[in-house]
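Following: one structure in structure tokens, then a few remarks.
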Number of protein chains: 2
Amino acid sequence: MAFLNDNYLKLRAGYLFPEIGRRVNAFCEQDPAGKARLIRCGIGDVTEPLPAAAVEALRDAAAELGHRETFRGYGPEQGYPFLRAAIAGEYRQRGLDVADDEVFVSDGSKCDCGNILDILGPQNRIGIPDPVYPVYVDTNVMAGHTGEADAHGAYAGLHYLAGDAANGFVPPPPAAGEPPLDVAYLCFPNNPTGAVATREQLAAWVAYAVEHDTLLLFDAAYEAYIQDPALPRSIYEIPRAREVAIEFRSFSKNGGFTGVRCGFTIVPRTLTARAADGSRHPLHALWNRRMSTKFNGVSYPVQRAAEALYTTAGKAQVAALIAHYMGNAAILRNAAAGAGLRVFGGENAPYIWAQTPAGTDSWTFFDRLLREQNVVITPGSGFGRAGEGWFRISAFNSRANVEEVARRLAKVL
Amino acid sequence: MAFLNDNYLKLRAGYLFPEIGRRVNAFCEQDPAGKARLIRCGIGDVTEPLPAAAVEALRDAAAELGHRETFRGYGPEQGYPFLRAAIAGEYRQRGLDVADDEVFVSDGSKCDCGNILDILGPQNRIGIPDPVYPVYVDTNVMAGHTGEADAHGAYAGLHYLAGDAANGFVPPPPAAGEPPLDVAYLCFPNNPTGAVATREQLAAWVAYAVEHDTLLLFDAAYEAYIQDPALPRSIYEIPRAREVAIEFRSFSKNGGFTGVRCGFTIVPRTLTARAADGSRHPLHALWNRRMSTKFNGVSYPVQRAAEALYTTAGKAQVAALIAHYMGNAAILRNAAAGAGLRVFGGENAPYIWAQTPAGTDSWTFFDRLLREQNVVITPGSGFGRAGEGWFRISAFNSRANVEEVARRLAKVL
């Protein structure tokens, strides 16, 4: 008789965004007028057109596939050399040591953040920020790295690194004397809080990782939103990070590729982990094997579109997109702060993280904003226990919508 | 200290196709004249241009993404309704009971065949055909379902279902009295042997699965190549298969999407598996959760291209591609058979499976054909112990190349 993976039965019923969808749909059925004026600032999905350079590259690549002379079948599972070179070349232009063959092109960093657990053992002590992008948690549950969830959705066996107003939502490494972490997830600019670690804060994590032989899983999907030149955009800006860190990046939020699907993961050849017998092995070889066996490369036209983002025209178009969304972020941040809320994020990230008024819990405030102002935000508690009493506003929207949301926020607060 | 997944260290060094690549590269360096006349009939990759309907759909979708009004960001992780409906609609046109929401669109059936193990438990007794598509084996090794490999590459803990000339490379279910399988992989038309199970043979497997509560993982990536209308093209043509089978399908080989990347998996809502406590749960919910959490949907333009294969024009273009490759298959099969070799496949599949002459082992014959005739085939032993003494010829090529290979085969044999 076939047995299923029992770990899936530990998963809490609602992934955050389906639950938001359920409540929004119910509201829209009850209140057609409210539905008509609904503005969604919930999910972190881009709204502006794909950069023209990417559109052209997609079209040109489609045409190539239509001719026998230029047709391409299976590409390299790791990504085409032209794209790996463009990606690594940009790291090197910033003075960072990343080789072309350390870049693994994928169909998105959500996939990679989940799939990376394939190459890690079950005995790791895993550190996860709180609040957190739910995928890190759920994929660990699925992989059997946890026990059951408690009433707040916190899973036994995971080691939560609490962010709060005091640490600016940048949790420090565990203190000396605490059992060391084997693996730790970091995400800066952060989803959901918009916090960005300073160079000193990241350096403290790298020093911790070097000391304790910890693997850092660094999610930099939002690096393009960093405005302050003093803030690190890659973990590899920190010396010795190549010994301890994998970096995940995405074209979803810089090039607007959420529907086009492309991202990449950097696995330095200098990065090793331990087998149960104590021998050390490079993770690069394991990830390469994982990708060769369970993946077949990203769609060729999509890889050409991603490559086009590195051209002069593509870079200018990406910069314009970022400027648009960061203009939105400033409006939303000012609106929330102007209404007297405590606000983080929105300065180097497309997310504003704000405290609910007068100690309202996150879902109550979500429902209130939905009903009274017909604005969808994301309740902070959906990102973990430490998010209770906070909410996230996404800057991914048109300018007109954002200005209207700013007006409505002023009314409710 | 970070621990890696020790199961990866059990994997045999060379995935088959990289080893072929290594030998071909070495040959080309030694023999530039041989390199110039090299014809590759090794890897199963398509060679003909993408159908015009798919090219147009790709281009139109790219243009859509370039305008705010028609831009799309994240799509449903399970695939867009337009494509799920087109896929399920074709099943229903053939009289098969498949609902739209039982279709999960993915970036290829290689990925799905590997990822499906995510939702299955570690305690399953797993049946794997021999010879076999290496991905089924390697993903089970990675998931920790096996012990070490023996000298022939057979892993302890897997239950091999041997194909041979006597059973026409369609292994029957285990005999009564043998410990029952919990999960069994089936692939028809078969890669690498080109064998296709008859309705009676598949019905025997479904009856076995119903009796023993076995989950059948049915890989139908090559169904479009079936010429004989009496042969089943889907496991769901067999009564009660919806209780026991998942079906994997691909656009790689019918629409030439090996570089475009799209496939799908059917998980019937009627299919359940057992938790360790004996309770039964639908696998549909688990797979849906897996895909929602670890995947973000297939590229929108790619889904539009796949949809275009279901139009009248698209169907005609796919039929022309299949006719081309099956014309190739007939030429190659006749050449091998005419030279006195024992031959399977090539009649309802794009692969010809032939016995090496005079008991030569597979790799020796591979090297000989490469050196003497500058033709690349795939050694049967690369697909498992039962493939030793056989080789696979792929019909994916131009007609001119295939005719030339037929002439060269006549010389060597």
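Scan the range B:267-280 and tell me whether some residue there is closer than 22 Å to B:Phe82 by Cα, within 22 Å of the chain's Cα centre (by Cα) and of a type outside the set (Ser, Thr, Tyr). For the range B:267-280, residues closer than 22 Å to B:Phe82 by Cα, within 22 Å of the chain's Cα centre (by Cα) and of a type outside the set (Ser, Thr, Tyr): present. With respect to (1) surrounded by fewer than 17 Cβ atoms within 10 Å (Cβ to Cβ); (2) more than 30 Å from A:Gly108 (Cα to Cα); (3) not polar (S, T, N, Q), the lone exception for B:Phe82 is condition (2).
Kindly indicate whether any position in the range B:41-55 is in contact with a Lys or Arg (Cβ under 8 Å, 6 or more places away or on another chain) and outside any loop (DSSP other than H, G, I, E, B). No: the range B:41-55 contains no residue that is in contact with a Lys or Arg (Cβ under 8 Å, 6 or more places away or on another chain) and outside any loop (DSSP other than H, G, I, E, B).
Of the residues A:Gly127, A:Gly157, which is within 26 Å of B:Asp118 (Cβ to Cβ), in contact with a His (Cβ under 7 Å, 6 or more places away or on another chain) and surrounded by fewer than 17 Cβ atoms within 10 Å (Cβ to Cβ)? Walk me through how you get there before you give the answer.
Details: A:Gly127 fails: surrounded by fewer than 17 Cβ atoms within 10 Å (Cβ to Cβ).
After ruling out the rest, the residue left standing is A:Gly157.
Going by the conditions given, is B:Thr265 polar (S, T, N, Q) and within 18 Å of B:Gln317 (Cβ to Cβ)?
no
Scanning the range A:363-402 for residues that are under 24 Å from the mean Cα position of the chain (by Cα) and of a type in the set (Phe, Trp, Tyr) gives A:Trp363, A:Phe366, A:Phe383, A:Trp390, A:Phe391, A:Phe396. If you take the residues of the range A:294-325 that are part of a helix (DSSP H, G or I) and hydroxyl-bearing (Ser, Thr, Tyr), which of them is farthest from the other protein chains (Cβ to nearest Cβ)? Looking at the filtered set, the residue picked out is A:Thr312. Apart from one condition, B:Pro192 fits all of (1) assigned to a strand (DSSP E or B); (2) over 21 Å from B:Gly121 (Cβ atoms); (3) not acidic (Asp, Glu); the exception is (1). Residues that are away from chain B (no Cβ under 14 Å) number at least 2 in the following helices (runs of 4 or more DSSP H) confined to the range A:56-174: A:81-93. The single condition among (1) in contact (Cβ under 8 Å) with a residue 12 or more places away in the chain; (2) assigned by TED's automatic domain parsing to the domain that holds A:Ile266; (3) among the aliphatic types (A, V, I, L, M); (4) surrounded by fewer than 21 Cβ atoms within 10 Å (Cβ to Cβ) that A:Leu38 does not satisfy is (2).
Residues checked against (1) under 20 Å from the mean Cα position of the chain (by Cα); (2) in contact (Cβ under 8 Å) with a residue 60 or more places away in the chain:
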{"site": "B:Tyr310", "(1), (2)": "no, yes"}
{"site": "B:Gly314", "(1), (2)": "no, yes"}
{"site": "B:Val318", "(1), (2)": "yes, yes"}
{"site": "B:Leu321", "(1), (2)": "yes, yes"}
{"site": "B:Ala337", "(1), (2)": "no, no"}
{"site": "B:Leu341", "(1), (2)": "no, yes"}
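A:Thr270 meets each of the listed conditions (1) in contact with a Leu (Cβ under 6 Å, 6 or more places away or on another chain); (2) surrounded by fewer than 22 Cβ atoms within 10 Å (Cβ to Cβ) apart from (1). Counting only residues that are free of Cβ contacts under 8 Å to residues at least 24 places away in the same chain and not small (Gly, Ala, Ser), which one in the range B:343-378 is surrounded by the most Cβ atoms within 10 Å (Cβ to Cβ)? Checking each candidate, the answer is B:Val343.
When you scan the range A:271-293, do you find a residue that is without any contact (Cβ under 8 Å) to a residue 60 or more places away in the chain, closer than 30 Å to A:His324 by Cβ and within 13 Å of chain B (Cβ to nearest Cβ), even just one? No, the range A:271-293 has no match at all.
Residue selection: A:Leu181 satisfies the criterion of being assigned to a loop (DSSP other than H, G, I, E, B), within 12 Å of another protein chain (Cβ to nearest Cβ) and closer than 21 Å to A:Asn115 by Cβ.
The values are calculated or read from the model by the stated rules, or taken from the named source; none is laboratory data. What you are looking at is a predicted structure, and each value in this text was computed from that prediction instead of being measured. Positions of Cβ are generated from backbone atoms using ideal geometry, with glycine treated the same way; all protein chains shown enter the neighbour counts.
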